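To start, the structure under review is shown below, and the notes come after it.
Every read-out reported here was derived from the displayed coordinates using simple, explicitly stated rules and does not represent laboratory data. Please read all numbers here as calculations on a predicted model, not as lab measurements. Here the Cβ is made from the backbone with ideal geometry for all residues, glycine too, and neighbour counts use every protein chain on show.
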Amino acid sequence: MIKSVSMKIICPLLVLILIAVSAGLSGCSCNKVSVSDDKINVIEALSSSDTEGYSIADRVIDFSFPGDHGPHDSFRNEWWYFTGNLYDADGNRFGYQLTFFRIALSPLTVARTSAWATDQAYMAHFTVSDIQNEKFYCFERFNRDALGLAGFSAEPFKMNVGDWYMLGTGDGAFPWQLYASKNGITLSLDVTPLKDIVFEGEKGLSYKSVDKTSASYYYSITRLATGGYIEIDGTRHEVSGNSWLDREWSTSTLSEEQGGWDWFSIQLNDNTEIVYFQLRYKDGSVYPYNEGLIVNDDGSTVKLGTGDIVLTVLDTWKSKTGVTYPLKWRAEVVPLAKTLIVEAAFNGQELDLSTRYWEGAVNIYDAQDTNKIIGMGYLEMTGYG
């Protein structure tokens, strides 16, 4: 996942936060009018060259845990990203996303003179995909790191945006609790890693350009045992399954010529995971730098570079917003000598919030036998409209 925000969206973000706080609104669903009709251009945000005063991801570092599970305030933006595919006892399947974003409002940390003062803001996205009924619920929240409205504490390990939170044991030990609730939709889960942390790119330094001038720090936990419940309009579903955690922080990660990306997280039934992102130029053609990982059953990894996964669009879908997304792909995984079909579990999983993108649950098939699901995952696509 390479989602982020930067100084180009700070003004609209602050407006959204102020409107939300003053009006008592902290969320909006995909089916309701947002607190703002303006759409934040994530691609422009990520390509900002205004990095003065911020830390830059420009060298390999030694990661340290649990400390690096927490925020890195000297970088402009950061996120904690959870997705998963879960089942209830009756075999009903649900997808979910819960993502927390931190956005620095200033590169300089100034002593606070007021309880309202802050140099950090937080945003969260929360979605549930009811796959059997093809219903998608999504919500968004903005708050500043002040008065307990949002923020992070090291002990107990907790991040919150309003009453949406992730909560660890002590200083960050697993399991972590995930919780979000809005408009009759509730997510309450415990997640515990089944595999160790893996580092994207060059030991966690993930480049986003051919000349290696844009990068982020990026690690993942590609399979977490998950249990808890999802409640939809008063009906509680006790669920279990697998989740995925992506962690990334940066100051600027895309070049001005880049127009978007397609990001795949795949969990195969044989206990293999694949993560891969494909960057695109503004004209839609493929940018010549892409990367990812194969995580084997034993946790060992195979680094993926440009051309190691050959992606071909097989089918598209046009949303109510008028944006056309490719929702069925052929993925030729060269190192595995295997070709997969990646297809949306259902089409309507577009988030039409302050920024518009498609992110939802997908089914994975062997291209030689498309009648049997051999895995599940999540697909994120930006820059299509």
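Once you keep just the Cα pairs under 8 angstrom separated by 6 or more residues, what percentage relative contact order results for region 7-382? Don't jump to the answer; show the numbers that get you there.
Details: 944 pairs, mean separation 56.3, N = 376.
About 15 percent, as a whole number.
When the chain is fully extended, how far beyond the present Cα-Cα distance does Tyr281 get from Ser64, taking 0.36 nm per residue of separation?
Working: separation 217, 0.36 × 217 = 78.12 nm, distance 3.49 nm.
The Tyr281-Ser64 span can extend by a further 74.6 nm.
For Leu194, project a label point 7 Å along Cα to C-beta. Then give me every residue of region 222-242 with its amide nitrogen under 19 Å of that point.
Under 19 Å, as judged by backbone N against the label point of Leu194, lie 222-230, 238-242 of region 222-242.
When a footprinting reagent is the concern and you count Cβ atoms within 10 Å, what order do Ile185, Ile197, Ile373 take, fewest first? Walk me through the numbers on the way to the answer.
Numbers: Ile185 21, Ile197 17, Ile373 14.
Taking fewest neighbouring Cβ atoms as first place, the list is Ile373, Ile197, Ile185.
May I ask for the distance between the Cα centers of region 140-180 and region 243-284, given as a whole number of Å?
Rounded to whole Å, the Cα centres lie 25 Å apart.
Relative contact order for region 222-343: what is it in percent, counting Cα pairs under 8 Å that are at least 6 residues apart?
Here the relative contact order equals 13 percent.
I need the shape label for region 7-382. Rule: rounded when a/c is under 1.5, else prolate if a/b > b/c, else oblate, with a, b, c from the alpha carbon gyration tensor.
rounded
Rank the residues Arg356, Arg102 as a footprinting-exposure proxy: fewest other Cβ atoms within 10 Å of their Cβ go first.
By the 10 Å Cβ count, ascending: Arg356, Arg102.
Rounded, prolate or oblate, given the Cα gyration tensor of region 138-275, with a/c below 1.5 counting as rounded? Working shown, then result.
On the way: a/c = 1.69, a/b = 1.36, b/c = 1.24.
Since a/c reaches 1.5 and a/b is larger than b/c, the shape of region 138-275 is classed as prolate.
Tell me which trypsin sites (Lys or Arg not before Pro) from region 126-207 have a DSSP coil assignment and no more than 14 other beta carbons within 10 Å of their own. Please report the intermediate quantities before stating the final value.
Details: sites: Lys135, Arg141, Arg144, Lys158, Lys182, Lys195, Lys203; in loops: Lys195, Lys203.
When the trypsin sites (Lys or Arg not before Pro) of region 126-207 are filtered for loop state and at most 14 Cβ neighbours within 10 Å, Lys203 remain.
What distance in nm separates the two pseudo spin-label positions at Val313 and Asn296, each 7 Å out from Cα along the beta-carbon direction?
Reported label-point gap for Val313 and Asn296 is 3.6 nm.
Can you compute the modelled spin-label distance between Glu52 and Thr370, with each label point 7 Å from Cα toward Cβ, in nm?
Calculated label separation equals 5.4 nm.
Which GluC sites (Glu not before Pro) in region 240-329 pass both tests, a DSSP loop state and at most 15 other beta-carbon atoms within 10 Å? Before the final figure, lay out the partial values.
Values: sites: Glu248, Glu256, Glu257, Glu273, Glu291; in loops: Glu256, Glu257.
Taking region 240-329 and a limit of 15 other Cβ atoms within 10 Å, the loop GluC sites (Glu not before Pro) found are Glu256, Glu257.
Between Ala173 and Asn133, what length in nm is gained on full extension when 0.36 nm per residue of separation is reduced by their alpha carbon distance?
On the way: separation 40, 0.36 × 40 = 14.40 nm, distance 3.59 nm.
Between Ala173 and Asn133, full extension yields 10.8 nm more.
What net charge do the residues around Leu224 carry, taking every other residue with its C-beta under 10 Å from that of Leu224, with Lys and Arg at +1 and Asp and Glu at -1?
Details: positive: Lys195, Arg223; negative: Asp190.
Within the 10 Å Cβ shell, the charges total +1.
Report the trypsin sites (Lys or Arg not before Pro) located in region 229-331 that are in a DSSP loop and have at most 14 other Cβ atoms inside 10 Å of their Cβ, or state none. Kindly include the intermediate steps, with their values, before the conclusion.
Values: sites: Arg236, Arg247, Arg280, Lys282, Lys303, Lys318, Lys320, Lys328, Arg330; in loops: Lys282, Lys320.
Sites meeting the loop and neighbour criteria: Lys282, Lys320.
Fewest to most neighbouring Cβ within 10 Å: what's the order for Tyr81, Tyr179, Tyr217? Intermediate values should be presented prior to the final figure.
Values: Tyr81 22, Tyr179 17, Tyr217 25.
Lowest to highest Cβ neighbour count: Tyr179, Tyr81, Tyr217.
Hey, got the Cα dimensions of region 243-385 along the principal axes, in Å, largest first?
Principal-axis extents of the Cα atoms in region 243-385, largest first: 39, 34, 27 Å.
Please tell me which of these pairs span more than 20 angstrom C-alpha to C-alpha: Lys203/Lys303; Lys203/Lys328; Lys195/Lys303; Lys135/Lys182; Lys203/Lys282? Walk me through the numbers before you get to the answer.
Working: Lys203/Lys303 10 Å; Lys203/Lys328 31 Å; Lys195/Lys303 17 Å; Lys135/Lys182 15 Å; Lys203/Lys282 29 Å.
Long pairs (Cα-Cα over 20 Å): Lys203/Lys328; Lys203/Lys282.
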